[in-house]
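What follows is a set of notes on a single structure, which appears directly below.
The values are calculated or read from the model by the stated rules, or taken from the named source; none is laboratory data. Just so we're clear, the structure is a prediction, and the values are computed from it rather than from any experiment. Because the Cβ atoms are built from the backbone with ideal geometry, glycine has one as well, and the counts that use them run over all protein chains shown.
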2 protein chains.
Amino acid sequence: MTSAPPARRSSPPAGTGPVIAVDAMGGDHAPHEIVRGAVRAVRAHGLRLVLVGRTAELASLLAEEDAAGEIPVVHADDTLAMHEGALASWRRPRSSVAVACKLIRQGDAAALVSAGSTGGVVATSTVRLRTQPGVLRPALAVLFPTRPTPTVLVDAGANADAKPEMLVQFAHLGVAYAQTAYGIAQPRVGLLTIGSEPGKGNKLARRTAELLTAAADAPPGLDFRGNIEGHDLLGGLVDVVVTDGFTGNVALKSVEGAVRFALDEVRSALSSSPMARAGALLQRRPLRALRERVDSETYGGAVLLGLNGTVVIAHGASGARGIEQACLLAHELVAGRIVERVRRRVGATNRTPSWLRLAPNED
Amino acid sequence: MTSAPPARRSSPPAGTGPVIAVDAMGGDHAPHEIVRGAVRAVRAHGLRLVLVGRTAELASLLAEEDAAGEIPVVHADDTLAMHEGALASWRRPRSSVAVACKLIRQGDAAALVSAGSTGGVVATSTVRLRTQPGVLRPALAVLFPTRPTPTVLVDAGANADAKPEMLVQFAHLGVAYAQTAYGIAQPRVGLLTIGSEPGKGNKLARRTAELLTAAADAPPGLDFRGNIEGHDLLGGLVDVVVTDGFTGNVALKSVEGAVRFALDEVRSALSSSPMARAGALLQRRPLRALRERVDSETYGGAVLLGLNGTVVIAHGASGARGIEQACLLAHELVAGRIVERVRRRVGATNRTPSWLRLAPNED
């Protein structure tokens, strides 16, 4: 595995830096948009990539982009279909995702980027990369477009049924992510529940709040700020929001759907009368900038944390720009040594005596 | 209990129709805005109301509105504070909410409207009105502003830890609500989960999907359309969305927060340059209409279903308009005999043999 200096938001010179394996066959617009995105990532940012998929097809797409030979291609016969879920990993050992994982295991790549189905990529990479020592379950982290830095939500759907101890680990995974990607020294952690007062929520949330309170004082430390509610997800109150994968996935999709609904309603309100339409002409630019800021493609995608390798899952509908952003995110996480950071944080919690780590909050 | 013809969206002549007990002391703007809203409801719609709270204070507020003697007042010494939760009902038997429930039990009112704390109103009215025969748990129903008719989400927070059998009942409660308030003969029901294919979700959602599938063919019937996701909440795919109170509350607040976030972002985008500001002047009217349409005050509030009496919980921040809408909603639900409708639906499910009602879907 090649390593790079841990500078954030910097592009390494071509030919150095970690290698990112890009699943060229996953996504609604694969392989064409994936190849275009990869070419942009290489040319604009000097990233080192490998495309994984059907060699002949990829070679001809690279040639179409005037990029023949610019990005190495590793052959994979098989492809996970977009509708394939968790069982896919056992059925498809020669899929492009499985081959990309093999490159990581062999040390020939440090990260995987895929726009394939989330269920399939999570299952395949969990089986093939394995969880890091001490990690109970890998968790999916996504970003909300808060300011000045995005808010990390973890778990966004990898674990539909989770235990309180897992949620405490998700907090550590999310903290490692916020530190690595945004340089936040001590990310603030909130627990997603219903009601801001302590003791609110379902059994899972109530027990998790106790464990997170205890974890705040145990190594490696956690800046736990208590409960947050659905209202607060876009409020920037905390840097990391912890929840189980079921609630997190519902919350994420509810937010995405509601923002889209509101912007669509604005669009139709703004074209509801000749006067409003005249006004809208004057506003094209700021409204476009807004759509871009809240657009999921801007953020590079979800990250599966806790595995022996960095896995970025771009949105299934990603175009070239989404893939380019996902490659940049993967590069930053590898350059910031996220796997090592998770290993240290989780290792520290596991060295804590269990009577201290699991003691409920008696305040 | 006075009864009214079951006409929807119609106002009865003054002096007839069911009586609605309005908690004058609950809410951020109580009692002033509550009294103003009640006066509007009486004058504009001819509703029959009783104000419950501190008599002297309410009489002087009514006089301020030139409405002295227009609305009867029933005295209650005590008030639930906005931060008081579920335990409040045991501690405060003389609160305005408890006294209003007493009016319902005595047959002097058919419904309660309160803008007090949701936890306090749910707990007090559950203890004092009791659940209807056969109902496992009362559930909170809220509306999303879909077109042509709103979508009912149930449970929005009354039951943080629920069982699959409860969720099936929530479906029946939601169906009764959609039938009563919107005249939808056969409301379409969806289960909120993660992933649209059958078998997706956590254990609770997977088992509930089996039971809902079985319930579709058992009396009283249910038009179960399968899984829906967070994205779909504002898409109008179904009329009733079923979920547990924890997930439902997170989803509701996530949607509310995201819509507010998006509209705030639009507002700041539209004032980001002189040109955009000039455009915004031309659009004040449609944007105001949009804010109004997605505003929670327009919908009258949450409804607690499954009790021996109709309970409408207006938003804590309700002004006079929110209270007026909540009174109208309570009137419609009583006029449409929602309690009777729930009794018939739940009674029908309880007559179904258990081997049929609980049989998992074997397709």
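If you check A:Pro133 against the conditions, is it more than 19 Å from A:Ala314 (Cα to Cα) and out of contact with any His (no Cβ under 8 Å at 6 or more places or on another chain)? Before the answer, list the steps.
Values: more than 19 Å from A:Ala314 (Cα to Cα): yes; out of contact with any His (no Cβ under 8 Å at 6 or more places or on another chain): yes.
Here the answer is yes, as A:Pro133 does meet what is asked.
Filter the range A:145-197 down to residues that are modelled with pLDDT of 95 or more and among the acidic types (Asp, Glu) and give me whichever is nearest to A:Leu212 (Cα to Cα).
This residue is A:Glu165.
Anything in the range A:209-230 that is part of a helix (DSSP H, G or I), small (Gly, Ala, Ser) and more than 7 Å from chain B (Cβ to nearest Cβ)? List them, or say none.
Across the range A:209-230, the qualifying residues are A:Ala209, A:Ala214, A:Ala215, A:Ala216.
Is at least one residue of the range B:121-136 assigned to a strand (DSSP E or B), within 13 Å of chain A (Cβ to nearest Cβ) and crowded, with 24+ Cβ neighbours inside 10 Å?
No: the range B:121-136 contains no residue that is assigned to a strand (DSSP E or B), within 13 Å of chain A (Cβ to nearest Cβ) and crowded, with 24+ Cβ neighbours inside 10 Å.
Does B:Arg341 meet the test of being in a helix (DSSP H, G or I) and farther than 17 Å from A:Gly230 by Cα?
Judged against the criteria, B:Arg341 is a match.
One line per residue, one yes/no per condition, for (1) within 17 Å of the chain's Cα centre (by Cα); (2) within 17 Å of B:Pro150 (Cβ to Cβ); (3) not in a loop (DSSP other than H, G, I, E, B):
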| position | (1), (2), (3) |
| --- | --- |
| B:Val238 | no, yes, no |
| B:Val241 | yes, yes, yes |
| B:Asn249 | yes, no, yes |
| B:Glu256 | yes, yes, yes |
| B:Ala262 | no, no, yes |
| B:Met275 | no, no, yes |
| B:Ala280 | no, no, yes |
| B:Leu287 | no, no, yes |
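Do any helices (runs of 4 or more DSSP H) entirely within the range B:19-102 hold 1 or more residues that are more than 14 Å from chain A (Cβ to nearest Cβ), modelled with pLDDT of 95 or more and surrounded by 20 or more Cβ atoms within 10 Å (Cβ to Cβ), and if so, which?
B:32-45, B:55-64
Just name the residue that is nearest to A:Leu153 (Cα to Cα) out of those in the range A:264-273 that are assigned to a helix (DSSP H, G or I) and of a type in the set (A, V, I, L, M, F, W, C).
Result: A:Val266.
Only residues that are within 14 Å of chain A (Cβ to nearest Cβ) and either among the basic types (Lys, Arg) or more than 25 Å from B:Arg48 (Cα to Cα) (or both): list them for the range B:105-119, please.
Initially, the range B:105-119 is screened for residues within 14 Å of chain A (Cβ to nearest Cβ), giving B:117-119.
Within the range B:105-119, B:Gly119 is the sole residue that qualifies.
Being away from chain B (no Cβ under 14 Å), under 29 Å from A:Ala330 (Cα atoms) and surrounded by fewer than 22 Cβ atoms within 10 Å (Cβ to Cβ), is that true of even one residue in the range A:231-254?
Looking for residues that are away from chain B (no Cβ under 14 Å), under 29 Å from A:Ala330 (Cα atoms) and surrounded by fewer than 22 Cβ atoms within 10 Å (Cβ to Cβ), one finds none in the range A:231-254, hence no.
When the residues of the range A:218-229 are narrowed to those that are among the small types (Gly, Ala, Ser) and over 18 Å from A:Pro198 (Cβ atoms), which ends up surrounded by the most Cβ atoms within 10 Å (Cβ to Cβ)?
The selected residue is A:Ala218.
Condition check ((1) more than 7 Å from chain A (Cβ to nearest Cβ); (2) of a type outside the set (D, E, K, R); (3) under 30 Å from B:Asp161 (Cα atoms); (4) surrounded by 22 or more Cβ atoms within 10 Å (Cβ to Cβ)) across all residues:
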residue	(1), (2), (3), (4)
B:Ala258	no, yes, yes, yes
B:Phe261	no, yes, yes, yes
B:Asp264	yes, no, no, no
B:Ala269	no, yes, no, no
B:Ser272	no, yes, no, no
B:Arg284	yes, no, no, no
B:Arg288	yes, no, no, no
